[in-house]
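Undergrad: I have a structure I would like to understand better, so I am pasting it below and will then ask my questions one at a time.
The values are calculated or read from the model by the stated rules, or taken from the named source; none is laboratory data. Computed from a predicted structure; not experimentally measured. All Cβ positions, even for glycine, are placed from backbone atoms using ideal geometry, and neighbour counts span all protein chains on display. Only protein heavy atoms, including side chains, enter the accessible area calculation; ligands, DNA and RNA are left aside. Shrake-Rupley method; radii C 1.70, N 1.55, O 1.52, S 1.80 Å.
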Amino acid sequence: QVRLVESGGGMVQAGDSLRLSCAVPGRRYATAWFRQTPGKERTYVAAANWRIGSTYYADSAKGRFTISRDSASNTVYLQMDDLKPEDTAIYYCAAQPTCSGVACLDKRGYVDWGQGTQVTVSS
């Protein structure tokens, strides 16, 4: 297990954009972003299997968020556009060697996690 390092959270207004970054070990071909608010379960936002080129998005993220990767630096990004107050949460980066289909959306399969970065969107 590896502790991932995230960055890029902050406080913005509705409609603004943020980009989260996460340094991921080179042999982790499946990465994801999850988010959590107080008292609620951690839920997936976006996931990707870079080996096969598949990406997945929660309904709340479709059309606004983009997960991407810079393979040269082993950095995974979550570009978040048109942010809404309901996007306020702690965002976590996660990684695992690989995943397939719906398993990429299940937090139980991820072995590496970041410490979380706070995103706050005001109206």
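Undergrad: For the range 1-41, name all the residues that are within 15 Å of the chain's Cα centre (by Cα), buried (at least 16 other Cβ atoms within 10 Å of the Cβ) and farther than 17 Å from Pro97 by Cβ.
TA: Glu6, Gly8, Gly9, Leu18, Leu20, Ser21, Trp33, Phe34, Arg35
Undergrad: Let me ask something additional. Can you tell me which residue is farthest from Asn49 (Cα to Cα) among those in the range 80-102 that are open to solvent by 50 Å² or more (accessible area, probe 1.4 Å) and in a helix (DSSP H, G or I)?
TA: Here the residue is Pro85.
Undergrad: Report every pair of residues separated by at least 6 positions or lying on different chains whose Cβ atoms are under 6 Å apart, first residue within the range 59-84 and within 16 Å of Thr31 (Cα to Cα), second surrounded by fewer than 13 Cβ atoms within 10 Å (Cβ to Cβ).
TA: Close Cβ pairs (under 6 Å, with a partner that is surrounded by fewer than 13 Cβ atoms within 10 Å (Cβ to Cβ)) amount to Asn74/Gly26.
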